[in-house]
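As structure tokens, the structure follows; a few thoughts come after it.
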Amino acid sequence: MSFTVQEVAQLLKQAKENEKPYVFFTGAGCSVRADVPTATEFIQEICKKFPIQVKNIDPEKDKYNYGKYMSALDKSERRELLKPHIIDNKKINWAHIALACLMQGGYIQRVLTFNFDSILSRACNLLGLHPSIYDFATANPHLYHLINDPSIVHLHGQGTGFVQLNTQEETLKHTEQLGDFIASTLNSNPSLFIGYSGNADEFFPLLEKKYSEQHRLIWTGRKENIDLLEVEPVKGFLKKNNNLTHYIGSIDADDFLIQLAKELEYFPPELFSNPYRFLDQQLENIQPYPLGDGLDILENLTGYLKEQAEKPLNKSLYTAVIHKYPNKESTKGLTEKAINDIMWAYDQQAHYLKSQDKFEESHKVYDQALAISARHYGCLHNYALSLATYANIKSDQTLFEKAFDLNEQAFKLQPSNADNLGNYALALSNLARINQDELLFEKAFEQFQMTLKILPNHAGYLNNYGVVLADLAKLKNDENLFNNAFEQYQSALKIQPNHTYNLACYYSIKNNKELCKENLLHAVDHNTLPSSEHLNEDKDLDNVRTEQWFIDLLERLKEKEQKDEAA
């Protein structure tokens, strides 16, 4: 029987209520995203750095035998191998931040780790939690009853310790001394294994021997199901005790632990959700500044932090807001204003992702937002705009249609909002251009006309309307449409007389090269030309593309752009 992350969260909650919080066993898989190599990666590095030392090891038969490769190195060589990855590496990954959250929340009593790194203790300290640290490579494991929880127990030593147990012989000898401690642990609390395969040391046989089904044991791994596990003893153990031992597959430690902490409402930690209040609370542990010199740096800082902590964080830390309010259920009981603030945070995060060209991630954020409030104009309008942009890039009709639907929903909420109408018109015209669809062109015209009734002197919409009229005029070879386009350009020029690019395009289409040149050069003189890339791709200028003056203009524009970029 397997469990979902939501069910594991419920089990952790029950265990805490029963005053028997879980014990977590962590292996290398919890540190991978902090750039700590796996056992296999360490083997590869050993072969590269110490080829003479390992020349007698069979590279095929023992290609996964981490202990054997480590036993070929002396202790100094092992420290040389581990130091850059374990001691010098200061990175903290999210699996350990989530573990620290769960420890802080009382859902994990103790973490027993097979890793040498100090990532978990650093993650705990970062969040203001300072668990007891024990190194069982040098400590007396028979004194386990003196452990002060919450705690982190390094079963095979620490990177900064005097002893690190690496080889099969070392872990076997040490494991024999851990028997009572492991038996007590498994028989006192439920346990969860994560990032540990059971393959790289001699610990697993002890686990198998000492587990007596007093408490539940959950084993997580990357393989989809038990039958795909490569370590036969682990597979047999989990199947033998399948009423109380459970395998959860397809697990990435960072993803799983973050989701688990979120389900238990202990993520994100306060450091990320309200750093001002967090730091202020940490500073409460510092004794008052002792000198009467009028420079009380502690009081000055805490006063500032208290003031900042009271400000609404949705204006800056919007991802923290999203984590706190991930669905409609989480916003129950909030005022309309509070929900609007939450929606604003979603909109800001989605906008940021769009600015990074992460359109699909942005759209997932908007979908999540609209599941909370489907009638939020800002999210509807901005989501439609983003979808239309991405649809144009991908030439995807389905995305265009979804954007149109959002525009229609936004229109029902604010029928006089010209921005929504204008953006809807642009999206329609882009799809019309792709499909060469007269009906879509006509529908775009209707939207532009509605927009210009509200904002008759908006040069941007006048120009855009003119461009779309000219597009259909080309398609139909319709002089009336060309004349109508010209009228829109003329109206726009009354408002922005130096924005002559669209008029230049019009004259190019009409094969009036002299007037095209005149208007392009006017735009150059007043710095209102689009980019050289745009000019290269704009088919409206095809009639002048081979003219020497146009070639020279394009070269000058490219040189200017390069200088501006270098500056």
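We did not get these values from a lab; they are worked out from the coordinates using the rules stated. What you see is a predicted model; the values in this text were computed from it and never measured. Glycine also receives a Cβ, built like all others from the backbone with ideal geometry; neighbour counts cover every protein chain displayed.
Take the cross-link list Lys328/Lys358; Lys49/Lys75; Lys68/Lys173; Lys20/Lys173 and give me the ones stretching past 19 Å between alpha-carbons.
Lys328/Lys358; Lys20/Lys173
Using amide H atoms built 1.01 Å from N in the peptide plane, name the residues 5+ places from Ser31, or on other chains, whose amide H lies under 5 Å from its own.
Residues meeting the criterion, in which the H sits 1.01 Å from N, do not exist here.
Helix 459-476 versus the longest principal axis of the chain: what angle, 0 to 90°, nearest 10, using Cα atoms?
Helix 459-476 sits roughly 70 degrees off the main axis of the chain.
In degrees between 0 and 90, to the nearest 10, how far off the longest principal axis of the chain does helix 377-394 point, with axes built from Cα atoms?
Between helix and principal axis, roughly 80 degrees.
What order do you get for 5-16, 91-102, 224-235 when each peptide is scored by the mean count of other beta carbon atoms within 10 Å, highest first?
Top of the packing list down: 91-102, 5-16, 224-235.
For region 496-504, in order, what is each residue's ³J(HN,Hα) by Karplus, 6.51 cos²θ - 1.76 cosθ + 1.60 with θ = phi - 60°, in whole Hz (x at glycine and Pro)?
Each residue's phi maps through the Karplus curve to give 10, x, 9, 8, 9, 4, 5, 5, 4 Hz.
Mean 1/r over all different Cα pairs, inverted: what Kirkwood radius does the chain give, in Å?
29.3
Whole-Hz Karplus ³J(HN,Hα) for region 143-153, in order, using 6.51 cos²θ - 1.76 cosθ + 1.60 and θ = phi - 60°, x for Gly and Pro?
Rounded to whole hertz, the list is 9, 4, 5, 8, 5, 9, 8, x, 8, 10, 10.
Sort Arg78, Arg110 so that the residue with the fewest other Cβ atoms within 10 Å of its own Cβ comes first and the one with the most comes last.
Starting with the residue having the fewest Cβ neighbours, the order is Arg78, Arg110.
Using packing as a proxy for protection, rank 521-534, 490-503, 286-299 so that the peptide with the highest average count of other Cβ atoms within 10 Å comes first.
Packing proxy ranking, top to bottom: 490-503, 521-534, 286-299.
Convert each backbone phi in region 170-183 into a coupling constant with the Karplus relation 6.51 cos²θ - 1.76 cosθ + 1.60 (shift: θ = phi - 60°), then list the ³J(HN,Hα) values in order as whole Hz, x for Gly and Pro.
Whole-Hz 3J(HN,Hα) from phi for region 170-183: 5, 5, 5, 4, 5, 4, 4, 7, 8, x, 5, 5, 5, 4.
Order the peptides 366-377, 550-561 from the highest to the lowest mean number of other Cβ atoms within 10 Å of their residues.
366-377, 550-561
What do you get for trypsin sites (Lys or Arg not before Pro) in region 507-546 restricted to DSSP loop and a cutoff of at most 16 other Cβ within 10 Å of the site's Cβ?
Lys510, Arg545
Whose amide H sits under 5 Å from the amide H of Phe193, counting only residues 5 or more places off or on another chain, with H placed in the peptide plane?
Phe25, Ile218, Trp219, Thr220
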